[in-house]
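Heads up: the structure comes next, in structure tokens.
Just so you know, all these numbers are worked out from the coordinates, no wet-lab data involved. Everything quoted here is computed from the prediction, not taken from an experiment. Here the Cβ positions follow ideal geometry from the backbone for every residue, glycine too, while neighbour counts run over all protein chains shown.
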Amino acid sequence: MHNLDGLTLFFFLVAVLLGFGGSIWWIAEAFRKSIPWGLAVLFIPFASLAFLVTNLDRAGKPFLMSLASTAIVILLGTINKNFLEALNVDGHKNEIAQANVKTSPQGAENIAPPVVKHIAAKQAQVHHSAKHHDHH
């Protein structure tokens, strides 16, 4: 596990709060405009963008709040390499690369969840037992 310094953690929490607050505010403004706008922003892709463009007076500040959140996270990721490692941004990709799945089918075992490994082991036991009984 990677340790984050207090300042990085503080700014990350600020970014999360800004993003969450901006999103809630954004949705509230859409519902204040009308129920159809609110539902559209919640459930229809790109409706938020349409709401921003057509209602800049209502959506501008929540949008900037969310944008500030994104900017803080990007800034943290560029300044502090431990930040991305702590978030495990590319961890899954690294596990797959380390398993070398493309060149070795057995490499897939390295990234399989424990439940899958357990099931595979049970199937191998059953298969081995069946072969053993066939030869007798």
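With r as the distance between the Cβ atoms of Lys61 and Leu7 and R0 = 22 Å, compute the FRET efficiency 1/(1 + (r/R0)^6) and round to 0.05.
0.25
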* Computed FRET value (nearest 0.05) for Ala71 with Ile35, which takes r as the C-beta separation and R₀ as 25 Å -> 0.20
* Asked: Between Ser23 and Thr54, how many nm apart are label points set 7 Å from Cα along the C-beta direction?
  -> 2.4 nm
* Please give the contour-minus-distance gain from Ile79 to Phe43: 0.36 nm per residue of separation, less the Cα-Cα distance, rounded to one decimal in nm. => 9.5 nm
